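Written out below as C-alpha cells is the structure these notes cover.
The values are calculated or read from the model by the stated rules, or taken from the named source; none is laboratory data. Please read all numbers here as calculations on a predicted model, not as lab measurements. Virtual Cβ from ideal backbone geometry, glycine too; neighbours counted across all protein chains shown.
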Amino acid sequence: MNKHGQLASFIQIHHDQVGKVVDIDLDNDCILALDFTQNNHELTADEVSDTPQFSAWINRKLTQSGCRYGIGGYFEHRTLYARSSLFNTADAEPRRLHLGIDIWGQAGTPVYAPLAGKIHSFQDNNNFGDYGPTIILEHNLDGLVLYSLYGHLNRASIIGLTIGQPIALNQQIARLGTEEENGQWPPHLHFQLMFDMQGFVGDYPGVCRYSEKENYKQNIPYPDLILQFAKATII
C-alpha cells in the first residue's frame, strides 16, 4: 500500500483521532465553492490585483451564499496568481497550480490541529502574495509521517512557539490573519498536507508549475481526507 492508501486507511480506522481545522458543523453548515480558474468571469484582473477589492468580492460572495466559509483549490489551475511576481519564474512556465485547499473566512477565525503531533517549523513568509505567518505540524500516524501546513495566519499565531512543541488533537494553534499580515490576501487559510518536507523549513511550495503536477501529487495527498468537507452541503 502506498502512502496515500496508508493515510486513507488510518483515517477510516482511527476516525476518532481526526479532528477539525476550523469550527464547522458538517451536518448543518453550507460551504461555498469558489473557482479561481479561467472559468471565473466575475473577477477582473484589476480586482484580483487590488487586495481590498478582492476581499470585498470574497465577502460579498459569502454573504450572498449565507455560508461562513468558502473553499477550493486542490490542484486547481489558478490564473489569479498572475497578481504576484512570486509565482513567476525565469523560464516560460509560471507557477499557477494550487496544491492545497483554501478555506476563506473572516480574519480572526480560529484554526485547530486536526491531528495530534508537534511543531515541525514556523516562520513569517512576509512577501506580497506569500503565506505570511505559517505553521507546519508533524504527525506520526501509526508509523506514517505526515506534515500539515497552515498559511496566511495572524502574526500572534507564531509568537512563543518552539520546534518540537507537542500539539494535541483539536488544539487551537492559530487564527486567520488580516490582509496586512497574511501576505496581502483576503483572509483565508491555506491548508496543505505533505508526506515529505523535502528540506523545507517554515515553508513549502503551495503552488507549482502545471508540468510538475504528477510529481507533486505523489507527495501531497487530498486535504479533504482530513477536512471531510465533502460531507457538508457545498453550493
Mind checking whether some residue in the stretch 108-127 is over 27 Å from Glu76 (Cβ atoms), surrounded by fewer than 18 Cβ atoms within 10 Å (Cβ to Cβ), among the basic types (Lys, Arg) and under 17 Å from the mean Cα position of the chain (by Cα)? no
From the list Ala33, Ala45, pick out the single residue that is among the small types (Gly, Ala, Ser) and within 20 Å of the chain's Cα centre (by Cα). Ala33
Give me the pairs, please: first residue somewhere in the stretch 176-187 and at positive phi, second residue anywhere and charged (D, E, K, R), beta-carbon distance under 8 Å, and either six or more positions apart or on two chains. Gly183/Asp130
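State yes or no: is Val111 on the phi < 0 side of the Ramachandran plot and out of contact with any Leu (no Cβ under 9 Å at 6 or more places or on another chain)?
Working: on the phi < 0 side of the Ramachandran plot: yes; out of contact with any Leu (no Cβ under 9 Å at 6 or more places or on another chain): no.
In short, no.
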Out of all the residues in the stretch 190-203, is one or more surrounded by 15 or more Cβ atoms within 10 Å (Cβ to Cβ) and over 24 Å from His4 (Cβ atoms)? yes
I'd like to know if the stretch 216-230 contains one or more residues that are charged (D, E, K, R) and either in a loop (DSSP other than H, G, I, E, B) or modelled with pLDDT under 95 (or both). no
Can you tell me which residue among Pro205, Pro187, Pro166 is farther than 21 Å from Tyr222 by Cα and touching a Leu at 6+ places or on another chain (Cβ under 7 Å)? Pro187
Give me a count of the residues in the stretch 23-75 that are farther than 23 Å from Lys231 by Cβ and β-branched (Val, Ile, Thr). 6
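Any residue at all in the stretch 139-156 that is in a loop (DSSP other than H, G, I, E, B), aromatic (Phe, Trp, Tyr) and touching a residue at least 40 places away in the same chain (Cβ under 8 Å)? Break it down into steps so the answer makes sense when it comes.
Step one: of the stretch 139-156, the residues in a loop (DSSP other than H, G, I, E, B) are 142-143, 152, 154.
Right, trim to aromatic (Phe, Trp, Tyr) and you get none.
So far as the stretch 139-156 goes, no, none of its residues is in a loop (DSSP other than H, G, I, E, B), aromatic (Phe, Trp, Tyr) and touching a residue at least 40 places away in the same chain (Cβ under 8 Å).
Taking the stretch 162-206, which residues are assigned to a loop (DSSP other than H, G, I, E, B), of a type in the set (A, V, I, L, M) and over 12 Å from Leu149 (Cβ atoms)? Explain how you work it out, then say what you get.
Initial filter on the stretch 162-206 (assigned to a loop (DSSP other than H, G, I, E, B)): 162-165, 168-171, 177-187, 195-206.
Remaining after also requiring of a type in the set (A, V, I, L, M): 163, 168-169, 197, 201.
Across the stretch 162-206, the qualifying residues are Ile163, Ala168, Leu169.
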